[in-house]
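Chemist: This is the structure I have questions about; it appears just below.
The values are calculated or read from the model by the stated rules, or taken from the named source; none is laboratory data. Because the structure is predicted, anything quoted here is derived from the model rather than measured. Here the Cβ positions follow ideal geometry from the backbone for every residue, glycine too, while neighbour counts run over all protein chains shown.
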Amino acid sequence: MSWETQYKIPQIISHEILSDIISAINTASIQFGSIVHGNQDVKGKEQESISVRYVTDDFGIEEVCMGLYDAPFTTGHSLGMMIQDALIRLSLPIKEPRHTRRLDFV
(Lines give C-alpha, C1' and ligand atoms only; values in the text may rest on other atoms or scores of the structure.)
Protein backbone atom coordinates (compact mmCIF):
# COMPACT_ATOMS: atom_id res chain seq x y z
CA MET A 1 0.00 0.00 0.00
CA SER A 2 1.12 3.51 -0.70
CA TRP A 3 1.63 6.00 2.12
CA GLU A 4 -1.40 7.95 0.89
CA THR A 5 -3.64 4.91 1.32
CA GLN A 6 -2.15 4.18 4.72
CA TYR A 7 -2.95 7.77 5.72
CA LYS A 8 -6.49 7.76 4.30
CA ILE A 9 -7.71 4.52 5.89
CA PRO A 10 -7.45 5.73 9.53
CA GLN A 11 -8.89 9.08 8.45
CA ILE A 12 -11.94 7.40 6.88
CA ILE A 13 -12.42 5.21 9.95
CA SER A 14 -12.16 8.18 12.33
CA HIS A 15 -14.71 10.17 10.28
CA GLU A 16 -17.10 7.21 10.37
CA ILE A 17 -16.72 6.84 14.15
CA LEU A 18 -17.21 10.59 14.65
CA SER A 19 -20.32 10.48 12.47
CA ASP A 20 -21.75 7.65 14.59
CA ILE A 21 -21.02 9.59 17.80
CA ILE A 22 -22.70 12.74 16.46
CA SER A 23 -25.73 10.71 15.39
CA ALA A 24 -25.94 9.16 18.88
CA ILE A 25 -25.76 12.60 20.52
CA ASN A 26 -28.43 14.06 18.25
CA THR A 27 -30.84 11.13 18.69
CA ALA A 28 -30.20 10.07 22.28
CA SER A 29 -29.94 13.37 24.04
CA ILE A 30 -31.71 16.68 23.77
CA GLN A 31 -28.90 18.49 25.52
CA PHE A 32 -25.18 17.99 25.82
CA GLY A 33 -22.29 19.73 27.47
CA SER A 34 -19.02 20.67 25.86
CA ILE A 35 -15.71 20.51 27.68
CA VAL A 36 -12.69 22.39 26.36
CA HIS A 37 -9.16 21.90 27.56
CA GLY A 38 -6.12 23.68 26.15
CA ASN A 39 -2.44 22.87 26.04
CA GLN A 40 0.61 24.28 24.35
CA ASP A 41 3.06 22.16 22.47
CA VAL A 42 6.84 22.66 22.74
CA LYS A 43 6.71 25.43 20.13
CA GLY A 44 4.07 27.34 22.10
CA LYS A 45 1.22 26.57 19.70
CA GLU A 46 -2.12 26.41 21.53
CA GLN A 47 -4.37 23.43 20.87
CA GLU A 48 -7.77 22.87 22.42
CA SER A 49 -9.39 19.48 22.85
CA ILE A 50 -13.18 19.55 22.67
CA SER A 51 -15.13 16.80 24.41
CA VAL A 52 -18.87 16.33 24.57
CA ARG A 53 -20.76 14.82 27.51
CA TYR A 54 -24.32 13.58 27.04
CA VAL A 55 -26.88 11.21 28.53
CA THR A 56 -27.80 8.06 26.62
CA ASP A 57 -31.26 6.54 26.28
CA ASP A 58 -30.55 4.17 29.17
CA PHE A 59 -29.43 7.10 31.37
CA GLY A 60 -25.74 6.34 31.05
CA ILE A 61 -23.30 9.22 30.81
CA GLU A 62 -20.97 9.30 27.83
CA GLU A 63 -18.02 11.62 27.37
CA VAL A 64 -16.27 11.60 24.01
CA CYS A 65 -13.34 13.62 22.68
CA MET A 66 -14.43 15.17 19.40
CA GLY A 67 -10.99 16.31 18.30
CA LEU A 68 -8.18 18.83 18.62
CA TYR A 69 -8.56 22.35 17.33
CA ASP A 70 -6.12 25.21 16.84
CA ALA A 71 -6.77 28.35 18.85
CA PRO A 72 -5.14 31.45 17.38
CA PHE A 73 -5.47 33.32 20.68
CA THR A 74 -6.54 32.35 24.19
CA THR A 75 -8.92 35.23 24.73
CA GLY A 76 -12.50 34.42 25.69
CA HIS A 77 -13.81 35.73 22.38
CA SER A 78 -11.32 33.73 20.31
CA LEU A 79 -11.98 30.50 22.24
CA GLY A 80 -15.74 31.06 22.03
CA MET A 81 -15.55 31.49 18.26
CA MET A 82 -13.39 28.36 17.96
CA ILE A 83 -15.90 26.31 20.00
CA GLN A 84 -18.83 27.67 18.00
CA ASP A 85 -17.05 26.84 14.73
CA ALA A 86 -16.24 23.30 15.93
CA LEU A 87 -19.84 22.62 17.01
CA ILE A 88 -21.19 23.89 13.69
CA ARG A 89 -18.73 21.71 11.76
CA LEU A 90 -19.77 18.73 13.89
CA SER A 91 -23.47 19.43 13.16
CA LEU A 92 -24.24 19.82 16.85
CA PRO A 93 -26.84 22.40 17.92
CA ILE A 94 -25.50 25.54 19.55
CA LYS A 95 -28.80 26.87 20.86
CA GLU A 96 -31.29 25.03 23.03
CA PRO A 97 -34.02 23.44 20.88
CA ARG A 98 -37.44 25.05 21.15
CA HIS A 99 -39.23 21.81 22.03
CA THR A 100 -37.34 21.39 25.29
CA ARG A 101 -38.66 22.83 28.48
CA ARG A 102 -37.04 23.45 31.78
CA LEU A 103 -38.32 21.46 34.72
CA ASP A 104 -38.51 23.31 38.01
CA PHE A 105 -38.54 21.14 41.09
CA VAL A 106 -40.12 22.46 44.27
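Chemist: Does segment 31-59 hold any residues that are among the aromatic types (Phe, Trp, Tyr) and exposed (fewer than 13 other Cβ atoms within 10 Å of the Cβ), and which are they?
Modeler: Correct list: PHE59 only.
Chemist: Is it true that some residue in segment 45-54 is of a type in the set (Asp, Glu) and either touching a residue at least 60 places away in the same chain (Cβ under 8 Å) or outside any loop (DSSP other than H, G, I, E, B) (or both)?
Modeler: Yes, segment 45-54 contains at least one residue that is of a type in the set (Asp, Glu) and either touching a residue at least 60 places away in the same chain (Cβ under 8 Å) or outside any loop (DSSP other than H, G, I, E, B) (or both).
Chemist: So the check is Cβ under 6 Å with 6+ separation or different chains; which pairs have a first residue in segment 1-26 that's on the phi < 0 side of the Ramachandran plot and a second one that's modelled with pLDDT of 80 or more and not in a helix (DSSP H, G or I)?
Modeler: Within 6 Å, the pairs are ILE21/VAL64; ILE22/LEU90; ILE22/SER91; ILE25/PHE32; ILE25/TYR54.
Chemist: Another question, if that's okay. I'd like the full set of residues that are under 20 Å from ILE17 (Cβ atoms) and either charged (D, E, K, R) or in contact (Cβ under 8 Å) with a residue 24 or more places away in the chain (or both), limited to segment 63-89.
Modeler: Within segment 63-89, GLU63, VAL64, MET66, GLY67, ALA86, LEU87, ARG89 qualify.
Chemist: For segment 33-62, which residues satisfy the criterion of being closer than 19 Å to SER19 by Cβ and of a type in the set (Asp, Glu)?
Modeler: ASP57, GLU62
Chemist: For the condition closer than 21 Å to ILE94 by Cα, of a type in the set (Asp, Glu) and either at pLDDT below 85 or surrounded by 11 or more Cβ atoms within 10 Å (Cβ to Cβ) (or both), what is the one hit in GLU16, GLU62?
Modeler: Exactly one residue qualifies, and that residue is GLU62.
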